[in-house]
Amino acid sequence: MIIYGVALLAACLLAGLYLGELLGQLLGVQANVGGVGLAMLLLVLASGSPRMRSLTTGASGEGVKFWSAMYIPIVVAMAASQNVVAAASGGMLAVLAGVLAVVVSFALVPVLSRIGPQSPPLPPLEQEP
């Protein structure tokens, strides 16, 4: 019953986009301000609320869990493609700032991986005969 997950996702997306447009108008900005993020928060809240318990259990719950898990990577990919188009049309400084942010993020991966206690190594994978 993945269709219930799609319906919940669509309702949250429409509500989030509407709230983002409304927030943009209140702030005097001619853009959607955080609509996709609001939609994601609505989806998380709706899928975990007791009122939606009948929708999120059983076979229909699998659809809701599937779309809840798929929503974040899809939204990140959509936002990333929009940011690249905006940065490319914004000039070389915007592109340089984006590339620099990625390089700094990659450079911080080893530093962040050393934070916290050392865990024992994972056991080797079983080899199939």
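Test LEU43 against the criterion of being crowded, with 18+ Cβ neighbours inside 10 Å, of a type outside the set (Gly, Ala, Ser) and either at pLDDT below 75 or not in a loop (DSSP other than H, G, I, E, B) (or both), and give yes or no.
yes
Does VAL95 qualify as being over 30 Å from GLY48 (Cα atoms), at pLDDT below 85, surrounded by 13 or more Cβ atoms within 10 Å (Cβ to Cβ) and of a type outside the set (D, E, K, R)?
yes
Can you give me the number of residues within segment 46-64 that are in a loop (DSSP other than H, G, I, E, B), out of contact with any helix residue (DSSP H, G or I) (no Cβ under 8 Å at 6 or more places or on another chain) and not hydroxyl-bearing (Ser, Thr, Tyr)?
Looking only at that region, the number is 1.
Condition check: within 19 Å of TYR71 (Cα to Cα) and part of a helix (DSSP H, G or I). Does GLY24 satisfy that?
The answer is no for GLY24.
The values are calculated or read from the model by the stated rules, or taken from the named source; none is laboratory data. Everything numeric in this text was worked out from a predicted model, so none of it was measured. As a convention, Cβ positions derive from the backbone with ideal geometry for all residues, glycine included, and neighbour counts pool all protein chains shown.
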